[in-house]
């Protein structure tokens, strides 16, 4: 098999495999593969990505022309590595060695995917990988919708998912029998919680973000009836994730796409998407797939509600519990970065800190977590790299640029690069797209010859 085919196969396996990763790992845990053995199996994605980068770097004939974004990617990676080598005591951090390694992987995964895309840009176009991503996301939407229709929440409680989260990942969720609490939308009525689409990602947020990327790709294609049908399936799945941030990011991404392609249709679709989603969210407590809490879950939720009086369940209220929590975490995280600009060292923020049992200095937002782990230096390096990539994408491949902009916007609220599918697929797409020549501007009539 040629090198080109191997690299294309590796990219396809990463796109599809990462969408199935969480469900597969939970199933393996349920079958008895646990601890270090399961950790080794779960590292397939990093191993494949590293192998693909090394193979293409060794075999590629002529490296791509260096760009400003490439230099900034190396700068960002260098800052992260320096912080990984720096003793925690110098920065007042308390991360474990395992936490440092997990954080190192977390922060560098987009760099590895971007490097693979840049090196493989002469072998495959971003559009081809976009088709694979869109079809994979459609599968995620279909599986998620079928799950809501035919699989009970109790079946998930009895599956290996709670144990995988709790014992393998160290994430102890209490509000839903070991399942993440955001698997349901709390309507305020104890007898009528509504399920959200989680699909193979085992997360409504991760599922929603993948669907946003796919929808922007579909919208950027010339109109065909099959793209329309695929888009409707993707959008239906997105609605059932009940993720407002994803709807907002989709609208912004579509507007960016419209500006880059100089088309009106994406703007109209953005407006229609927000309007339809608004109506859907209002109706969701009445039309969504209803489930029920166990007695133990109700006891925990009542105790939690007593500690957070005044929280609203109105999805459009500023006091809605989830929205208020996101804003509070973002505000506190920004304050932590401002007060400690040198950072605390890798492994002191977000899910990594939670998994390793150390104090969480800040969480949720990608940017806040970077500033907490790698200081202002790491945060600024990532932002500059991201802006350089975005500027290049909008000139070369507008749909990838629009998807990249949407993902960066989502990163303000949540740790978007902590979703491995996003970190690998979107940054690999960016690398592939930056290998294209800029799209030509409008033609101009030749002017008169200058007088001698």
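The values are calculated or read from the model by the stated rules, or taken from the named source; none is laboratory data. These numbers were taken from a predicted model, which means no experiment stands behind them. FYI the Cβ positions are ideal-geometry reconstructions off the backbone, even for glycines, and counts take in every protein chain you see.
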**Q.** Answer from 387, 429 - the residue that is farther than 22 Å from residue 92 by Cβ and without any contact (Cβ under 8 Å) to a residue 12 or more places away in the chain
**A.** 387
(Q) If residue 88 satisfies all but one of (1) over 30 Å from residue 359 (Cα atoms); (2) in contact (Cβ under 8 Å) with a residue 60 or more places away in the chain; (3) surrounded by fewer than 22 Cβ atoms within 10 Å (Cβ to Cβ), what's the number of the condition it fails? (A) (1)
Q: Would you be able to say whether some residue in region 169-180 is in contact with a helix residue (DSSP H, G or I) (Cβ under 6 Å, 6 or more places away or on another chain) and in a helix (DSSP H, G or I)?
A: no
Q) Does any residue of region 144-157 turn out to be touching a helix residue (DSSP H, G or I) at 6+ places or on another chain (Cβ under 6 Å) and surrounded by 19 or more Cβ atoms within 10 Å (Cβ to Cβ)? A) yes
Q: May I ask you to list the residues in region 91-132 that are buried (at least 24 other Cβ atoms within 10 Å of the Cβ), over 23 Å from residue 76 (Cα atoms) and over 16 Å from the mean Cα position of the chain (by Cα)?
A: 126, 129
Q: Check every one of the helices (runs of 4 or more DSSP H) wholly within region 1-93 and list those with 1 or more residues that are farther than 25 Å from residue 419 by Cα.
A: 3-30, 44-59, 68-85
**Q.** Hits in region 244-294 (condition: in contact (Cβ under 8 Å) with a residue 24 or more places away in the chain and assigned to a loop (DSSP other than H, G, I, E, B))
**A.** 288, 289, 291, 292, 293, 294
Q: For region 199-243, name all the residues that are assigned to a helix (DSSP H, G or I), modelled with pLDDT under 95 and in contact with a helix residue (DSSP H, G or I) (Cβ under 8 Å, 6 or more places away or on another chain).
A: 227
Q: Run down 56, 16, 60 and say which single residue is touching a residue at least 60 places away in the same chain (Cβ under 8 Å) and within 22 Å of residue 140 (Cα to Cα).
A: 16
